[in-house]
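The structure under discussion appears below in the form of structure tokens.
The values are calculated or read from the model by the stated rules, or taken from the named source; none is laboratory data. This one's a predicted model, so the numbers in the text were calculated from it and none came from an experiment. Here the Cβ positions follow ideal geometry from the backbone for every residue, glycine too, while neighbour counts run over all protein chains shown.
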Amino acid sequence: MIEGPAGRLEALVWAREKPPLAAVVCHPHPLFGGTMHNKVVYHAAKMLHHYGLAVLRFNFRGVGLSEGTHDNGRGETGDVHAALNYISKEFPGVPLLVAGFSFGAAVGLRSGCEDSRVTELIGLGFPVNDLDARYLRACSKPKLLVQGSEDRFGSQENWERVLAGISDGNRSLVRTVFIPGADHFFTGRLEEMTHALSDWLVERHPALHPVEI
């Protein structure tokens, strides 16, 4: 349990000594069954840990054993900051990465853009059709966005509108991968999703290599 702004938050940490990076991975919408055990969240966290990262997953307020009640994404940004506070204290001086799926991408990336300790961002299935992603235009941190081409909550057309507003200076910091035929949950395409993550991660950090889990 870690201390959050609305009470204690239930969390799981996969850790190893002297990790090169430490990651917080955020889960999808609490009111639609989202928890830290979601399969997309799990597979993303497993891939990051496979490359030696310390990884923290947690339940947003009101989910599982986490205290508090759902706050429509407002208070949840504070939950992400609490998770970042915890993992930064556990691994002082280690660069931080924030990843999230669906609602967790929208809330997690917003928190990560605001937090100076966070150096990189990963958004999976960002529900750009319904939630505002324009804040990413001004976010000058390297980021990977992975979407299914058939994602009914985050269409390629709407993403292109958001990306069109990114300044030339920030555009090179964004990689967007659309997985052909994949739906919002990457059904049957989880391996392709994790490959997109690992390719980007290793390209950015060539010294990383898989380790035994």
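Pairs please, first residue from region 91-114 and touching a residue at least 12 places away in the same chain (Cβ under 8 Å), second anywhere and part of a helix (DSSP H, G or I) and among the aromatic types (Phe, Trp, Tyr), Cβ atoms under 7 Å, 6+ apart in sequence or on different chains.
ARG110/TYR135; CYS113/TYR135
Rundown of residues vs (1) of a type in the set (Val, Ile, Thr); (2) within 15 Å of CYS26 (Cα to Cα), yes/no style:
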site: LYS46; (1), (2): no, yes
site: TYR51; (1), (2): no, no
site: ALA54; (1), (2): no, yes
site: VAL63; (1), (2): yes, yes
site: THR69; (1), (2): yes, no
site: VAL94; (1), (2): yes, no
site: LEU97; (1), (2): no, yes
site: SER102; (1), (2): no, yes
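Being of a type outside the set (A, V, I, L, M, F, W, C) and either under 20 Å from ALA207 (Cα atoms) or within 11 Å of the chain's Cα centre (by Cα) (or both) narrows it down to one residue among HIS81, HIS70, HIS50; which is it?
None of the others qualify; the one that does is HIS50.
Inside region 163-183, can you point out the residues that are out of contact with any strand residue (DSSP E or B) (no Cβ under 6 Å at 6 or more places or on another chain) and either of a type in the set (Lys, Arg) or in a loop (DSSP other than H, G, I, E, B) (or both)?
Those that are out of contact with any strand residue (DSSP E or B) (no Cβ under 6 Å at 6 or more places or on another chain) and either of a type in the set (Lys, Arg) or in a loop (DSSP other than H, G, I, E, B) (or both): GLY165, ILE166, SER167, ARG171, SER172, LEU173, PRO180, GLY181.
For region 13-54, how many residues are closer than 16 Å to VAL211 by Cα and in a loop (DSSP other than H, G, I, E, B)?
Count: 10.
Regarding region 65-72, can at least one residue be identified that is modelled with pLDDT under 95 and under 23 Å from ARG137 (Cβ atoms)?
The answer is yes; a qualifying residue exists.
Of the residues ARG57, ARG61, only one is out of contact with any strand residue (DSSP E or B) (no Cβ under 6 Å at 6 or more places or on another chain) and either within 17 Å of PRO5 (Cβ to Cβ) or not aliphatic (A, V, I, L, M) (or both); which?
Working: ARG57 fails: out of contact with any strand residue (DSSP E or B) (no Cβ under 6 Å at 6 or more places or on another chain).
Checking each option against the conditions leaves just ARG61.
Quick check: is even one residue across region 128-139 without any contact (Cβ under 8 Å) to a residue 60 or more places away in the chain, touching a strand residue (DSSP E or B) at 6+ places or on another chain (Cβ under 6 Å) and surrounded by 13 or more Cβ atoms within 10 Å (Cβ to Cβ)?
So far as region 128-139 goes, no, none of its residues is without any contact (Cβ under 8 Å) to a residue 60 or more places away in the chain, touching a strand residue (DSSP E or B) at 6+ places or on another chain (Cβ under 6 Å) and surrounded by 13 or more Cβ atoms within 10 Å (Cβ to Cβ).
Just name the residue that is farthest from the chain's Cα centre (by Cα) out of those in region 14-38 that are surrounded by 17 or more Cβ atoms within 10 Å (Cβ to Cβ) and among the hydrophobic types (A, V, I, L, M, F, W, C).
TRP14
Looking at region 165-178, can you tell me whether even one residue there is touching a Gly at 6+ places or on another chain (Cβ under 8 Å), at pLDDT 90 or above and not basic (Lys, Arg)?
yes
Only one of these is hydroxyl-bearing (Ser, Thr, Tyr), under 18 Å from GLU10 (Cα atoms) and in a helix (DSSP H, G or I): SER88, SER111. Name it.
SER88
Of all residues in region 152-162, count the ones that are crowded, with 17+ Cβ neighbours inside 10 Å and either hydrophobic (A, V, I, L, M, F, W, C) or assigned to a helix (DSSP H, G or I) (or both).
Matching residues across region 152-162 total 4.
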